[in-house]
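The values are calculated or read from the model by the stated rules, or taken from the named source; none is laboratory data. Since we're looking at a predicted model, the values are computed, not measured. All Cβ positions, glycine included, derive from the backbone under ideal geometry; neighbour counts span all protein chains shown. With ligands, DNA and RNA removed, areas are computed over all heavy atoms of the protein, side chains included. Shrake-Rupley method; radii C 1.70, N 1.55, O 1.52, S 1.80 Å.
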Amino acid sequence: MEKTRKKRKRGDRKDGTWIKDIDGIHGIMPYLMPQRCESEVYIQETIDVTNMMRYIEARNRRDDPEKLTPFHVLATAVAKIMYHRPKLNVFISGKRFYQRNKMTLAFIVKRKFEDDAEESLLITEVTGETTLEKMRKRIVGDAAQVREKGGNDINDLLDKLAKLPRCVMRFAMCIFRFLDFHGWMPESICRGDSNYATVLLSNLGSIKCNAAYHHLNNYGTNSIVITIGKIHKEQVIDLQGNVSVRDVVTLGATADERIADGFYFAKSLRILEQILEQPELLERPVSTSVSGREE
């Protein structure tokens, strides 16, 4: 039987559903602050990942050639937050608010481990059935494929565009921005472009750097960028005055403040901390609640 195609309602986009019941404060924001870059809010948070590192060490004692890394755990934890905090998957385009139809994580992979090596964009889709093991296999497999083949479709397109004369490039970008504003950008471009992902993750810890501020782009629909710093030891003093050495990581998050209020973002970070305190929960589908119960 042929699958019935769901008809979009007036005002919806192929990548998002128009949110009409927006309160006045948020509804006027796209007109007061039309650009995503001028609506950025940056949050930097240092998170205790001692339990996460112990969990990774225990998992890697197993006889598995592909080892679990902190990035695999952090990416899955972010995926779980995305699933349970739907406002993080909202974007603004054409002065309207949209609930994205999919949840996607984007990250960048070096094609070779060299200073002048080119980079490739990778996008992975998150569903309620996503688990830590599925995320690990997807990241490892995609990265290996990029390094073997040297790129993907979107990178090939960007390479061709970069060689165009400036006047042609400017005209092409005018067309792209027009299509982007109306939600008419071809799916073949959107699915491989990090500017259309829910969250862009930048693993700066892999190059021994601390978390840094990363801007948003006015082009596309991406509303959140998270940078991950290097994991390091730090002395922590508890409420009783006891001093201990813990593993910590600094995360930097840049978000479009128009999509949610500060309380929503702050609570999302607190939930992320809870998840990393009990990383074994990530072995279950991300649809499982933070408390461990199926929803």
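So that you can scan it fast, the table gives a plain yes or no per residue for (1) at pLDDT 85 or above; (2) over 24 Å from VAL286 (Cβ atoms); (3) surrounded by 14 or more Cβ atoms within 10 Å (Cβ to Cβ):
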position: PHE113; (1), (2), (3): no, yes, no
position: GLU119; (1), (2), (3): no, yes, no
position: GLY128; (1), (2), (3): yes, no, no
position: LEU132; (1), (2), (3): yes, no, yes
position: ARG136; (1), (2), (3): yes, no, yes
position: GLU148; (1), (2), (3): no, yes, no
position: ASP153; (1), (2), (3): no, yes, no
position: PRO165; (1), (2), (3): yes, yes, no
position: ASP180; (1), (2), (3): yes, yes, yes
Residues that are farther than 17 Å from THR46 by Cα and touching a residue at least 60 places away in the same chain (Cβ under 8 Å), drawn from region 218-245
ASN218, THR221, ASN222, SER223, ILE224
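Please note which helices (runs of 4 or more DSSP H) are completely contained in region 29-101 and include at least 3 residues that are crowded, with 19+ Cβ neighbours inside 10 Å and within 16 Å of the chain's Cα centre (by Cα). Full working, then the answer.
Working: elements: 29-32, 50-59, 70-84.
It comes to 70-84.
Show me the helices (runs of 4 or more DSSP H) entirely contained within region 146-254 in which 2 or more residues are in contact with a Gly (Cβ under 9 Å, 6 or more places away or on another chain). Steps first, please.
Values: elements: 153-162, 166-182, 187-190.
Hits in region 146-254: 153-162, 166-182.
Picking from GLU273, GLU257, GLU283, which residue would you name as being open to solvent by 50 Å² or more (accessible area, probe 1.4 Å), of a type in the set (Asp, Glu) and farther than 22 Å from ILE19 by Cβ?
Values: GLU273 fails: open to solvent by 50 Å² or more (accessible area, probe 1.4 Å); GLU257 fails: farther than 22 Å from ILE19 by Cβ.
The match here is GLU283.
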Those residues that are open to solvent by 10 Å² or more (accessible area, probe 1.4 Å) and under 15 Å from the mean Cα position of the chain (by Cα), I need them from region 225-254; list them, please.
ILE226, LEU251, ALA253
Matching residues in region 179-217 (closer than 27 Å to THR250 by Cβ and either among the acidic types (Asp, Glu) or free of Cβ contacts under 8 Å to residues at least 24 places away in the same chain (or both)) number 3
Within region 224-254, tally of residues that are in contact with an Asp or Glu (Cβ under 7 Å, 6 or more places away or on another chain) and under 19 Å from MET103 (Cα atoms):
1
Those residues of region 167-178 which are within 22 Å of TYR98 (Cα to Cα) and open to solvent by less than 70 Å² (accessible area, probe 1.4 Å) amount to PHE176
